[in-house]
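The values are calculated or read from the model by the stated rules, or taken from the named source; none is laboratory data. All of these numbers come straight from a predicted model, not from anything done at the bench. Every residue, glycine among them, receives a Cβ derived from its backbone with ideal geometry; neighbour counts consider all protein chains shown. Only protein heavy atoms, including side chains, enter the accessible area calculation; ligands, DNA and RNA are left aside. Shrake-Rupley method; radii C 1.70, N 1.55, O 1.52, S 1.80 Å.
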Amino acid sequence: MIRRISSTLFSLLLLVSAGQLQAQEKTLSLPDALNYALKASQDARKARLEIEAGRYKTEEVKSRALPQISATGSLNYNPILQLTALPGELAGQPGQTLLVAFGQKWNSGASVSLSQNLFDQSVLTGLKAAKSTQEFYRINAQLTEEQLIEQVANAYYQILVERHKIGVLDTTLSNTKRVQNIIQGQYENGLAKQIDVDRIKVSIANLQTQKQQLLNAVTLRENQLKYAMGMPIQDTIRLPEMDFSRIQPGELAIRDTVNVSARTEYRLLQQQEQLLKYQKEAYKSEYYPSLSLSGNYGYQGLGNEFPLFKGAPAVNWFDYASIGLSLKIPLFNGFATRSRVRQADVELRKLKEDMDQTTLGLNLQHENARTQLKNSIIILNNQEENVLLAQKVFDNTRNNYNNGLAPLTDLLDAETSLTEANNNRSAALLDYKLAEIQLIKAKGNLKSLLNN
């Protein structure tokens, strides 16, 4: 009875474990992988945190334009009062020095102070710069997302192509094993030689080795994809089979151009330029006067006894208040402000060079992507024709071999050529998809992959 219960519990545990493993397996289309990455990737989350931090920085700058209020309290005990020397004439004792203690043993007080900037050009400039900084973080987060989309999409297609190669090898292995069975039968009937049996075994062993290498490469690429997506490495993913025959390379427009100003990289530099301009304005604001309002109200108690909760005559309580305006006019600071303004101007000119270089780089990227895509289309079309030709050669050679008109070496060579042609087509497909992604990136449309 106990053994039956234990067996039942063990079976239930196996079912639960199997259910958990099944639940962890994720089927991912390309949009699924990209959307998962945008939510789970640490880089994407950090970029969103920078946007949040930008909001708090804006609030921090805004605080400089709001009233600053503080309260203070104090309680002091003077066990030994300081003596002050006075001339004796004040007390009718000419020619003598009198030492008199001033003050009280206990001194307590509480006060509230307020200050308000009425005019400070640096505060006004800081408010504008804070809003621009927030926009800078937003654009930077967008750039991070685009880089993540490119990385994940490239890894995704690499896995699909590697799996396609495994499929090609599986087909080749299946065909080769059928040939092996035929040769084995011929050998047993004295119609084939031992060397033919050995050759076919070597061919199968080589194909199995290639398949194992591809399986290992797929596992590594899947782990890299999960890492890029921010997915737990121990999770299992399954990518839907892709019908490569449906990939129909399209012709590019001859006068296809790119709008550099719409690229996120360039927009980020434009926002950085705006921030540098505000920095220059902030330095210039040091030339402006500043005006502030201040106010103070306090309540103080003096006496020779502990002052709290006691009144006159033991402790004398009184209040006081003050209101004032403070005007600060900068006159001369050793040309420090002028130096900072000129430094900011140099930074702006350096950034302008960066923007010009980025413009050239983005145009280069676009033209290279177009050239690479055109080249990939040509190679892909050639490889498609090559696969058809290699298949035809293999079919004819196999037929001739079955009829005793061709040696085994010709059949194995034809099979190797067919496998190589299929793998070359797979590589051409990958190059085409990667070039396509680069062209989409060059046009600033990477997020369109989220809906493909």
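In table form, for the structure just shown:
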item: DSSP bridge orientation in the chain - percent antiparallel, rounded to nearest 5; result: 95 percent
item: Carbon/sulfur fraction of accessible area - region 307-365, other protein chains in place, 1.4 Å, %; result: 60 percent
item: C-alpha long axis of helix 264-284 to longest principal axis of the chain, angle in °; result: 10 degrees
item: Helix 2-24 axis, angle to the chain major axis (alpha carbon atoms, nearest 10°); result: 80 degrees
item: Whole-number D in µm² s⁻¹ for the chain, Kirkwood Cα-pair radius fed into Stokes-Einstein, 10 °C, 1.306 mPa s; result: 51 µm²/s
item: Net charge of neighbours whose Cβ lies under 13 Å from the Cβ of residue 33, counting Lys and Arg as +1 and Asp and Glu as -1; result: +1
item: Nearest 10 degrees, 0 to 90: helix 336-402 Cα axis against the chain principal axis; result: 20 degrees
item: Distant alpha-carbon pairs in region 84-164 (separation over 14 angstrom), percent; result: 83 percent
item: Within the chain: Cβ-based charge dipole about Cα centre, in debye rounded to nearest 20 (Lys, Arg +1; Asp, Glu -1); result: 660 debye
item: Probe 1.4 Å, protein heavy atoms only - accessible area per residue of the chain in square angstrom; result: 61 Å²
item: Mean projected area in nm² (Cα convex hull; one quarter of hull surface) for region 111-208; result: 13.6 nm²
item: Listed peptides 104-110, 59-65, 289-295, 147-153 by packing density, highest first (mean Cβ within 10 Å); result: 147-153, 104-110, 289-295, 59-65
item: Distance violations [Cα-Cα > 29 Å] among 57/280; 26/441; 57/443; 280/441; 39/277; 226/352; result: 57/443; 280/441; 39/277; 226/352
